[in-house]
Number of protein chains: 2
Amino acid sequence: MKLDRRKFIGSGGLLAGGACLLPLFSACNSGKEGGESSYTGSGLKLSFEPFDLQLKHVFTIASFSRTTTPVMLVKIEWEGFVGCGEASMPPYLGESHETATKFLSSLKLDQFTDPFRLNEILAYVDGVAKGNCAAKASVDIALHDLIGKIVDKPWFQIWGYNQEDTPVTTFTIGIDKPEMVTEKVKEAAPYKMLKVKIGRGTDEEMINTIRKVTDIPLCVDVNQGWKDKHEALDKIHWLKEQGVVFVEQPMDKYDLDTMAWLTQHSPLPTIADEGVQRLVDVPKLKGAYSGINIKLMKCTGLREAHKMLNVARALDMKVMIGCMTETSCGVSAAAQLSPMVDWADLDGNLLISNDPYEGVIVQNGKVILPNRSGIGII
Amino acid sequence: MKLDRRKFIGSGGLLAGGACLLPLFSACNSGKEGGESSYTGSGLKLSFEPFDLQLKHVFTIASFSRTTTPVMLVKIEWEGFVGCGEASMPPYLGESHETATKFLSSLKLDQFTDPFRLNEILAYVDGVAKGNCAAKASVDIALHDLIGKIVDKPWFQIWGYNQEDTPVTTFTIGIDKPEMVTEKVKEAAPYKMLKVKIGRGTDEEMINTIRKVTDIPLCVDVNQGWKDKHEALDKIHWLKEQGVVFVEQPMDKYDLDTMAWLTQHSPLPTIADEGVQRLVDVPKLKGAYSGINIKLMKCTGLREAHKMLNVARALDMKVMIGCMTETSCGVSAAAQLSPMVDWADLDGNLLISNDPYEGVIVQNGKVILPNRSGIGII
């Protein structure tokens with residue numbers, strides 16, 4: 001972890017349940033560390049710190065632009081082991097430093113003395129309040145990191161997946177003027193697939209600009225930007241000719257009938273993003289979309305994400321794993337599932353300039369999972 | 001393990017891939033044991049031995065009777081760790097000592113040097129030949145036991161479940177004459193729920209006989225024995241009045257339309273048993289049954305069973321975990337999932353007189369998971 005340790009302690013990461021500050025609030029680079037003598041009980045100790053991610057580029061999608069993303073960095077400590085988690089909270093999703101602070105402060109994790117009772121602990125966390133999905137995910141991720149460190153295995157191994165099966169990740173190109181798009185695509189040369197944000201009336205310009213620079217596979221994320229299904233279908237046919245391999249959230253997330261028509265007629269797979277949040281949504285989307293984009297911050301974390309993956313597979317649906325702008329903490333957690341997905345959009349940490357962690361990396365466009373226990377970050 | 005060690009070795013448990021006999025083919029009561037010096041490679045070493053389970057009572061269901069069940073006891077060894085598995089092969093399911101020997105002999109598990117690549121290994125095993133589900137399950141169970149021993153945790157913990165959430169198990173009462181049924185029900189006094197086999201024309205006699213002895217909750221397993229849906233519905237209404245809580249496989253497993261009608265009208269949950277085998281079946285059964293009975297020997301083992309559990313839950317279906325007549329090996333493996341089911345029918349090891357293992361036990365009718373790594377057997 002690259003954050004200054006004293007700064008983190010000094011910021012007074014709040015502790016739920018009235019417990020005292022941890023005496024050694026240190027890195028996520030090891031399993032057990034420090035002595036146990038300083039812990040007065042064997043309950044889980046939660047602490048957290050607000051942090052602002054600095055974006056390398058102004059980020060524009062169909063509905064807004066921004067230059068920072070607020071996150072919450074979370075740690076859970078138990079018997080000398082430390083697990084790290086993160087809540088990434090793009091403003092349009094309704095969570096913030098304030099809501100996450102309120103939610104995390106209300107948790108009484110010290111009532112749990114066995115982190116392996118993950119089902120019970122996360123059911124409790126989920127039941128404390130509605131919403132707060134990113135804050136819930138931060139606890140889920142930290143617990144997974146903690147458990148992985150205790151058994152000294154990365155989660156991709158605990159789940160039985162093969163490190164070599166990781167996909168390439170897309171790199172996201174936001175909506176911008178042609179000269180800026182050209183510049184960004186040139187910077188993205190190391191990547192083997194681009195995710196192009198469209199849906200604000202400049203779709204053809206975006207694609208044509210990119211195709212002047214590169215012929216690698218593209219996918220597009222419309223962010224509900226298209227309004228007419230026939231026009232949408234025409235665009236998809238054109239996009240297929242341009243080497244686009246799938247279309248994310250083409251239309252209104254609430255209009256499943258229109259989406260079912262479009263999916264039935266579309267020559268490219270359609271993927272739900274805004275249209276899917278949690279496990280309960282997945283069976284309802286069968287037929288309306290070809291697949292789903294799973295994001296830890298939407299679905300409350302790895303445990304539910306893994307179930308969504310398995311349920312989508314059982315329903316013969318495609319699976320994509322995505323992220324928000326996040327540190328390497330959130331992205332490395334999501335990447336543990338990536339050996340089992342069709343496509344990955346795990347560039348969230350690559351879009352920021354102040355990542356406090358190291359974790360998953362991208363080599364020749366491919367997601368490379370570190371050989372470290374837990375979620376694999378230091 | 002209570003089997004005589006020399007007998008096991010002497011029987012010449014076959015080894016796949018032409019490897020030599022293991023020098024110390026010993027118990028499942030520990031993780032790492034013996035030295036590593038005797039292993040020439042780091043590939044997985046598979047060995048197996050045919051065994052016949054002796055049933056305490058002649059077992060009669062709607063279609064046949066028997067007094068023994070052939071099983072295959074399996075071990076997988078890797079870097080000094082030993083995992084145990086089992087294939088239980090009731091004759092009506094088509095597997096036998098011969099088919100399992102052929103299947104297991106054909107596996108080249110020594111090509112795999114990392115047991116944590118469970119997904120890849122089990123995909124290979126599943127792809128070697130069609131069918132052979134119990135033989136496949138024996139490999140799956142042994143690998144889970146092996147992995148659990150390596151990380152030194154039981155699987156219920158690795159999956160994040162709570163040991164205290166285990167259900168009561170049903171105890172099975174086969175179809176028999178009233179005096180024998182009365183005798184068996186009296187013997188079953190320690191159990192808190194009985195599973196009554198019916199469907200051979202003596203349904204009312206069976207239930208009435210049992211109700212003269214006990215008023216504990218019952219479930220019934222019709223084993224496809226009912227032929228008319230209206231008659232079936234009448235019986236279910238009557239059974240509900242007799243304190244029956246669910247009905248397993250009331251009618252022909254192939255007639256989903258009839259089952260959908262019956263499930264829609266039934267005042268009790270209907271559970272698929274013969275009608276469900278593997279993960280791929282589960283989404284197709286939504287609407288036709290209220291739930292499914294998962295058995296490791298049908299679905300190729302714990303990995304697929306766990307997915308079936310999660311998919312059934314996502315589809316808002318009930319889940320029951322069952323077993324064949326099995327040793328404590330197969331039953332203890334299945335029991336690892338039992339904290340998450342609605343009902344358990346895990347009496348397979350209680351019905352036999354020559355169980356070579358110790359594992360899960362039943363106390364006051366409730367399944368008690370041992371605090372041992374892997375699948376929890378010695």
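Derivation of every value follows stated rules applied to the coordinates shown; laboratory data play no part. Note that this is a predicted model, so its numbers are computed, not measured. Virtual Cβ from ideal backbone geometry, glycine too; neighbours counted across all protein chains shown.
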| said: Could you work out the pair-distance distribution P(r) of chain B from its alpha-carbon pairs, with 20 angstrom bin width and percents rounded to whole numbers? | reply: 30, 56, 13, 0
| How crowded by other chains is B:217-228, given as the mean number of beta carbons from other chains within 10 Å of each beta carbon? | 0
| request: Quick one: which residues, 5+ away or cross-chain, put their amide H under 5 Å from the amide H of residue B:193? H built at 1.01 Å from N. | output: B:171
| remark: The exposure ranking of A:368, A:210, fewest beta-carbon neighbours within 10 Å first, is A:368, A:210
| task | Return the long-range amide H neighbours of residue B:367 (sequence gap of 5 or more, or a different chain), with a cut-off of under 5 Å between placed amide H atoms. | result | B:168, B:169
| message | Report the per residue volume, in Å³, of the convex hull enclosing the C-alpha atoms of region B:205-334. | response | 113 Å³
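In region B:269-378, how does Rg compare with the Kirkwood Rh, expressed as the Rg/Rh ratio over alpha carbon atoms?
Taking Rg over the Kirkwood Rh, I get 0.97.
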| note | Note, region B:68-78: 3J(HN,Hα) by Karplus (6.51, -1.76, 1.60, θ = phi - 60°), whole Hz, Gly/Pro = x, goes 9, 10, x, 10, 10, 8, 10, 10, 10, 10, 7
| query | Given C-alpha coordinates of the protein assembly as shown, what is the ratio Rg to Rh with the Kirkwood estimate of Rh? | reply | 1.00
| query | At each listed q (0.14, 0.24, 0.33 Å⁻¹), what is the log10 of I(q)/I(0) that the Debye formula gives for region A:175-225 modelled as equal alpha-carbon point scatterers? | reply | -0.30, -0.89, -1.48
| request: Provide the FRET efficiency to the nearest 0.05 for the residue A:114-residue A:241 pair, computing r from the beta carbons and using R0 = 60 Å. | output: 0.60
| task | Take peptides B:109-121, B:228-240 and line them up by average Cβ neighbours within 10 Å, highest first, as a rough protection proxy. | result | B:109-121, B:228-240
| said: I need the phi-derived Karplus couplings for region B:95-110: 6.51 cos²θ - 1.76 cosθ + 1.60, θ = phi - 60°, integer Hz, Gly and Pro marked x. | reply: 9, 7, 3, 5, 5, 5, 4, 5, 5, 5, 5, 7, 7, 10, 6, 5
| task | Specify the inter-centroid distance of region A:239-257 and region B:333-352, based on alpha-carbon positions, in whole Å. | result | 45 Å
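Which order do peptides A:347-360, A:122-135, A:142-155 fall in by mean Cβ count within 10 Å, highest first? Please list the in-between numbers first.
On the way: A:347-360: 20.9, A:122-135: 18.4, A:142-155: 25.3.
Final packing ranking: A:142-155, A:347-360, A:122-135.
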| task | For region B:247-257, take each phi angle, set θ = phi - 60°, evaluate the Karplus expression 6.51 cos²θ - 1.76 cosθ + 1.60, and give the result in whole Hz per residue in order, putting x for glycine and proline. | result | 10, 9, 6, x, 9, 2, 5, 8, 9, 5, 5
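Other chains near A:281-289: what is the mean number of their Cβ atoms within 10 Å of each residue's Cβ?
Working: counts 1, 3, 6, 0, 0, 1, 0, 0, 0.
The per-residue average across the peptide is 1.
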| message | I'd like the mean, over residues of A:153-165, of how many other protein chain beta carbons sit within 10 Å of each residue's own Cβ. | response | 5
| remark: Honestly region B:80-188 on the Cα gyration tensor test (a ≥ b ≥ c root eigenvalues; a/c under 1.5 rounded, otherwise a/b vs b/c for prolate or oblate) is just oblate
| note | Once amide hydrogens are built 1.01 Å from N within the peptide plane, the residues lying 5 or more places from residue B:248 or on another chain with amide H under 5 Å from its amide H are B:220, B:221, B:222, B:271
